[in-house]
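Student: Handing you this structure, nothing more for now.
The values are calculated or read from the model by the stated rules, or taken from the named source; none is laboratory data. If you're wondering where the values come from, they're calculated on a predicted model, not measured in any experiment. Neighbour counts are summed over all protein chains in view; Cβ atoms, including those assigned to glycine, are modelled from backbone coordinates with ideal geometry. Quick note on the areas: whole protein, heavy atoms, side chains included, nothing else; ligands and nucleic acids left out. Shrake-Rupley method; radii C 1.70, N 1.55, O 1.52, S 1.80 Å.
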Amino acid sequence: MCWLLNLGIITVVLYFLSFISKHVNYICKMFLYSCCYLILAVVHMLYCPFFPKNRDNTYTLAPLFYHLSRLCLGITIEAEGTEHLESYEGGYILSPNHQSSLDTMCIARIWPHRAIILMKKSLMYVPFFGWAAYLSGHEFITRKSGASSEVRDHMNIINERIKKERLRVCVFPEGTRNKAFDGKMLPFKKGGFHMAQQCQAPVVPVVIYIPPSLYDGKNWVFNSGVIKMKVLEPFSTVGLKPEDVTELTNSVQTKMQETLDELSKRA
């Protein structure tokens, strides 16, 4: 309990320090957000051994992370279209855009049943975070060159789980964060869309809009406020062939960019 008391004292001190300048405010807010990650990871490591690699571990604990982050950072997330997350009984590919580390908080706000994240294998070795993700049943893939057969075999296993276990797999189509903070999405990678086509599972796009006045890493901006996000209607892949994946990818990106522009105008 001592470490919780110390963390509480540090939180209060950082809160008052954040009024000194925007640079200090940014550092303090990032530290608080990192503490939220750490607390979530510790809770995962205490909880998940009782339900090892259960696909609903994150569904159970995601609200803790969202509400803890909301209280520490003063950020509220308004989500539209969440009914689409459970409108399809089977598995699907969850496809959110990737603006910043705050995306994790946003996804936690709407995390569906039977969902996991597909992430690069190197993250598995990140202390606390990687261990918690492994215990929660998330999947790690190798990106290094020369590992194509290993990746293919692993992806085939995940595809079978999507079909048999009705698994929902979260794949960030941009592959990495857009550090330009220019309101545009990076070109989408096709990996998640190939998975959807191979499983004949729908793609459920999620659009996250974080106002530059709330967060802008380039300019040391990190304030309280409201983040808007919208879950779009699923894109069906029934009957699609491998040669249709490019068109599917482009259609999803176009719709998501249009929605991002719409949300920015409403902010």
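Student: For helix 148-164, what angle does its Cα long axis make with the longest principal axis of the chain, in degrees from 0 to 90 and rounded to 10?
Tutor: 90 degrees
Student: Work out how much length Asp56 to Lys255 would gain on full extension: take 0.36 nm times their residue separation and subtract the Cα-Cα distance, in nm to one decimal.
Tutor: Stretched fully, the Asp56-Lys255 segment lengthens by 68.7 nm.
Student: Note down the magnitude of the dipole of segment 168-267 about its Cα centre, charges +1 on Lys and Arg C-beta and -1 on Asp and Glu C-beta and zero elsewhere, to the nearest 20 debye.
Tutor: Value, rounded to 20: 300 debye.
Student: Given a 1.4 Å probe and heavy atoms of the protein chains only, how would you sort Leu94, Leu46, largest accessible area at the top?
Tutor: Order by accessible area, largest first: Leu46, Leu94.
Student: Hey, another quick one. So what does Ile9 come to for accessible area, using a 1.4 Å probe and Å² rounded to 10?
Tutor: Around 90 Å² of this residue is reachable by solvent.
Student: Please list 107-116, 81-90, 192-201 highest first by mean number of surrounding beta-carbon atoms within 10 Å per residue.
Tutor: Averaged packing, sorted descending, gives the order 192-201, 107-116, 81-90.
Student: Placing unit charges on C-beta atoms (Lys and Arg positive, Asp and Glu negative, everything else neutral), compute the dipole magnitude of the chain about its Cα centre in debye, rounded to 20.
Tutor: 580 debye
Student: So, one more: How big is the accessible area of Lys230 in square angstrom, nearest 10, if you roll a 1.4 angstrom probe over the protein chains?
Tutor: Lys230 exposes around 50 Å² with every protein chain in place.
Student: How far is helix 245-266 tilted off the main Cα axis of the chain, in degrees rounded to 10, range 0 to 90?
Tutor: Orientation of helix 245-266: about 30 degrees from the principal axis.
Student: With the dipole of the chain worked out from charges on the C-beta (+1 for Lys and Arg, -1 for Asp and Glu) around the Cα centre, which of Ala79, Asn54, Ala41 lies farthest toward the positive end?
Tutor: Ala41
Student: Counting Lys and Arg as +1 and Asp and Glu as -1, each charge on the Cβ, what is the dipole of segment 34-132 about the Cα centre in debye, to the nearest 20? Don't jump to the answer; show the numbers that get you there.
Tutor: Numbers: 7 positive and 7 negative charges, 99 e Å.
In debye, rounded to 20, segment 34-132 gives about 480.
Student: Looking only at Val252, Val204, Val151, which one moves most when the chain is put into a Gaussian network model with springs between Cα atoms under 10 Å?
Tutor: Val151
Student: Name the aspartates and glutamates eligible as straight-distance cross-link partners of Lys218: C-alpha to C-alpha under 12 Å, and not fewer than 8 places from it in the same chain.
Tutor: Candidates past the 8-residue exclusion: Asp182.
Student: Out of all DSSP beta bridges with both ends in the chain, state the antiparallel percent to the nearest 5.
Tutor: Working: 7 of 26 bridges.
Taking every DSSP beta bridge within the chain, about 25 percent pair in antiparallel fashion.
Student: Right, something else. Compare Lys228, Lys53 by solvent-accessible area with a 1.4 Å probe and give them largest first, with all protein chains kept in place.
Tutor: Largest accessible area first, the list is Lys53, Lys228.
Student: Going 7 Å from the Cα of His113 toward and past its Cβ, which residues in segment 150-171 have a backbone nitrogen under 14 Å from where you end up?
Tutor: The answer is 165-168, whose backbone nitrogens lie closer than 14 Å to the label point.
Student: Classify segment 75-187 as rounded, prolate or oblate from the Cα gyration tensor: take a ≥ b ≥ c as the square roots of its eigenvalues, call it rounded if a/c is under 1.5, otherwise prolate when a/b beats b/c and oblate if not.
Tutor: oblate
Student: Distance between Cα centroids, segment 99-128 to segment 47-87: provide it in whole Å.
Tutor: Taking the Cα centre of each part, segment 99-128 and segment 47-87 sit 10 Å apart.
Student: Please give the solvent-accessible surface of Asp244 in Å², to the nearest 10, using a probe radius of 1.4 Å with every protein chain present.
Tutor: 50 Å²
Student: Continuing with the same structure: With a ≥ b ≥ c taken as the square roots of the eigenvalues of the C-alpha gyration tensor of segment 109-267, please select rounded if a/c is under 1.5 and otherwise prolate if a/b is larger than b/c or oblate if it is not?
Tutor: Since a/c reaches 1.5 but b/c is at least a/b, the shape of segment 109-267 is classed as oblate.
Student: Mind checking which lysines have their C-alpha under 22 Å from Lys230, skipping anything on the same chain fewer than 8 residues away?
Tutor: By straight Cα distance, Lys230 reaches Lys179, Lys184, Lys189, Lys190, Lys255, Lys265.
Student: Counting only protein heavy atoms and a 1.4 Å probe, tell me what percentage of the chain's accessible area is made up of carbon and sulfur.
Tutor: 61 percent
Student: Right, another one. Only helical DSSP H runs with n ≥ 4 go in: add -39500 (n - 2.57) per run for the chain, normalise by residue count and round the 222 nm mean residue ellipticity to 500 deg cm²/dmol. All intermediate terms of the calculation are to be shown ahead of the outcome.
Tutor: Working: 8 runs with 122 residues, N = 267.
Calculated from helices alone, the mean residue ellipticity at 222 nm is -15000 deg cm²/dmol.
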